[in-house]
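Enquirer: Just passing along the structure, written as structure tokens.
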């Protein structure tokens with residue numbers, strides 16, 4: 001938590017600095033774009049891991065994740081640990097995709 005607060009503090013100071021500039025600083029712009037690109041790539045790697053795990057469940061239970069989710073949410077399936085993990089993986093993938101969209105400014 002300490003590092004995050006320090007990072008956020010630095011970003012806020014940088015935001016104030018940029019807001020008072022007459023023109024765009026290319027170095028800052030390039031640096032921020034690189035940071036965003038790096039974070040998006042890390043999140044895309046996480047999604048690839050989620051996809052791998054979801055493919056495992058799809059194959060193991062011969063069921064696609066959308067159908068699984070509908071059946072699991074409606075209570076048609078039990079509360080096996082695999083089903084809880086499958087459901088959690090779907091949710092983590094969704095949240096990670098949202099993070100990517102936020103970083104992309106969408």
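The values are calculated or read from the model by the stated rules, or taken from the named source; none is laboratory data. This structure is a prediction, so every number in the text was calculated from the model and none was measured. In this analysis, Cβ positions are derived from the backbone assuming ideal geometry, glycine residues included, and neighbour counts consider all displayed protein chains.
Enquirer: Which of the residues that make up region 28-74 are part of a loop (DSSP other than H, G, I, E, B) and under 21 Å from residue 96 (Cα atoms)? Can you show your working first?
Expert: Within region 28-74, the first condition is being part of a loop (DSSP other than H, G, I, E, B), and the residues that meet it are 62-64, 74.
Passing the criteria: only 64.
Enquirer: When the residues of region 14-63 are filtered to those that are under 17 Å from residue 92 (Cβ atoms) and touching a residue at least 40 places away in the same chain (Cβ under 8 Å), which remaining residue is surrounded by the most Cβ atoms within 10 Å (Cβ to Cβ)? Break it down stepwise before answering.
Expert: Let us first name the residues in region 14-63 that are under 17 Å from residue 92 (Cβ atoms), namely 39-40, 42-58.
Retained after the next criterion (residues that are touching a residue at least 40 places away in the same chain (Cβ under 8 Å)): 39-40, 43-44, 46-47, 50-51.
Numbers: 39: 13, 40: 15, 43: 17, 44: 13, 46: 17, 47: 16, 50: 19, 51: 13.
Here the residue is 50.
Enquirer: Here are 23, 10: which of them is under 30 Å from residue 104 (Cα atoms) and not in a helix (DSSP H, G or I)?
Expert: On the way: 10 fails: not in a helix (DSSP H, G or I).
Criteria check complete, one pass: 23.
Enquirer: Of all residues in region 92-106, count the ones that are at pLDDT below 95 and either over 30 Å from residue 32 (Cα atoms) or surrounded by 14 or more Cβ atoms within 10 Å (Cβ to Cβ) (or both).
Expert: Looking only at that region, the number is 0.
Enquirer: In region 75-91, which residues are modelled with pLDDT of 95 or more and either surrounded by 16 or more Cβ atoms within 10 Å (Cβ to Cβ) or part of a loop (DSSP other than H, G, I, E, B) (or both)?
Expert: 83, 86, 87, 89, 90
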